[in-house]
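S.K.: Attaching a single structure in structure tokens format; questions to follow.
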Amino acid sequence: MDITNILAYQALDAELFKLEKSLRENQNKKLAFQLQDSAKKAQERSSQLEQKAEALIKEIETTQKQFQTQSEKMQEIFAKDIEKMTKEEVEAMLSLKDKLSQNLSILDKNLTRLAENVNAVLADFNKTRMIFNQAKENYAKAKEAYDNEAKALEPQMAELAKKLSGLEKGIDAAQLEQYQKRRKDNLFPIYVPLSGDLCGYCHMQLPAAIISKIQDQGHITCEHCHRIIYKK
């Protein structure tokens, strides 16, 4: 099968492939993806911190109610007239007072701990929001830079695509289909010459039987890199 036309097609397509590759590997594009991921993670972190803060605030409210209840009980004890109480009642009251004092001390420590936790969460939240806002701002800049670079290449890429479309008319349909399948997988070049007894792309040594097929058929598919090897 004559591959003259497909080789001419590939030579022109190499220019388009190079431009496409430059866009795929564009640093602004990569940076934009990284910043987008950072913004997403920061947003998820912010949501987690909001939930954590809400849970802490609820815990503080519950602890404050418990503290208030214990304080009221303590006030009731102080309001009692010891003179009118029996020895047993006084002892029971003092025992209750000690227990309430311990409870109030524990609740007070818990409130302090919870307040510290809330402050830590708020500080983390503010830091995370700053990271999110910065990532979002830098993402917009990187994306704009990439879009401008891509836009600048559009006329050249469109012109190459137009020329390639014109060349397709002179290429065997099955041959073009094989080419396009590999092209979609970013396999390039598709057609490579035989180099001695080696594949012209991956440089793997080919058995004599395979080389014989290339000489007889004009081309074969490399079982290593899947490119089409042809004899010059």
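The values are calculated or read from the model by the stated rules, or taken from the named source; none is laboratory data. These numbers come from a predicted model, not from an experiment. Positions of Cβ are backbone-derived with ideal geometry, glycine not excepted, and every protein chain shown enters the neighbour counts. The accessibility values were calculated without ligands, DNA or RNA, using every heavy atom of the protein model including side chains. Shrake-Rupley method; radii C 1.70, N 1.55, O 1.52, S 1.80 Å.
S.K.: Please identify the pairs in which a residue from the range 135-152 that is closer than 15 Å to PHE33 by Cβ has its Cβ atom under 7 Å from the Cβ atom of a residue that is assigned to a helix (DSSP H, G or I) and hydroxyl-bearing (Ser, Thr, Tyr), counting only partners at least 6 apart or on another chain.
M.R.: ALA135/SER38
S.K.: Output the residue which, of all residues in the range 192-219 that are farther than 16 Å from LEU7 by Cβ and assigned to a strand (DSSP E or B), is least open to solvent (accessible area, probe 1.4 Å).
M.R.: Only one residue tops the list, namely CYS199.
S.K.: Now for a separate question. Scan the range 116-157 for residues that are closer than 29 Å to TYR9 by Cα, of a type in the set (A, V, I, L, M) and open to solvent by 60 Å² or more (accessible area, probe 1.4 Å) and jot them down.
M.R.: Selection gives ALA152 alone.
S.K.: Here's something else I'd like to know. Which one of these is open to solvent by less than 40 Å² (accessible area, probe 1.4 Å), farther than 30 Å from GLU116 by Cβ and at pLDDT below 95: ILE77, ILE82?
M.R.: ILE77 is the lone residue from the list that is open to solvent by less than 40 Å² (accessible area, probe 1.4 Å), farther than 30 Å from GLU116 by Cβ and at pLDDT below 95.
S.K.: Could I ask something else about it? When you check THR63 against the structure, is it in contact (Cβ under 8 Å) with a residue 24 or more places away in the chain and either part of a helix (DSSP H, G or I) or surrounded by 14 or more Cβ atoms within 10 Å (Cβ to Cβ) (or both), yes or no?
M.R.: Yes, satisfied.
S.K.: If I ask for residues that are assigned to a helix (DSSP H, G or I), hydrophobic (A, V, I, L, M, F, W, C) and surrounded by 12 or more Cβ atoms within 10 Å (Cβ to Cβ), which ones from the range 170-191 would you list?
M.R.: If the condition is that a residue be assigned to a helix (DSSP H, G or I), hydrophobic (A, V, I, L, M, F, W, C) and surrounded by 12 or more Cβ atoms within 10 Å (Cβ to Cβ), then LEU176 is the only one that fits.
S.K.: Still on this structure, I have one more. Could you please find all residues in the range 95-112 being loosely packed, with under 12 Cβ neighbours inside 10 Å and closer than 11 Å to ILE60 by Cα?
M.R.: Residue satisfying the conditions is THR112 alone.
S.K.: Of everything in the range 74-94 that's of a type in the set (D, E, K, R) and part of a helix (DSSP H, G or I), which residue is nearest to LEU104 (Cα to Cα)?
M.R.: So, considering only residues that are of a type in the set (D, E, K, R) and part of a helix (DSSP H, G or I), the one nearest to LEU104 (Cα to Cα) is GLU76.
S.K.: Here is a list: ASP147, ASP98, ASP124. Which entry is of a type in the set (Asp, Glu) and more than 38 Å from the chain's Cα centre (by Cα)?
M.R.: Matching residue, one of ASP147, ASP98, ASP124: ASP98.
S.K.: Please enumerate the residues belonging to the range 163-213 that are touching a residue at least 60 places away in the same chain (Cβ under 8 Å) and touching a Leu at 6+ places or on another chain (Cβ under 8 Å).
M.R.: Once the filter is applied, which keeps residues that are touching a residue at least 60 places away in the same chain (Cβ under 8 Å) and touching a Leu at 6+ places or on another chain (Cβ under 8 Å), the range 163-213 yields LYS163, LEU164, LEU167, GLU168, TYR191.
S.K.: Now a separate question. Among (1) of a type outside the set (Asp, Glu); (2) over 30 Å from GLU154 (Cβ atoms); (3) over 27 Å from the mean Cα position of the chain (by Cα), there is one condition ALA42 misses while meeting the rest; what is its number?
M.R.: With (1) of a type outside the set (Asp, Glu); (2) over 30 Å from GLU154 (Cβ atoms); (3) over 27 Å from the mean Cα position of the chain (by Cα) applied to ALA42, the lone miss is (3).
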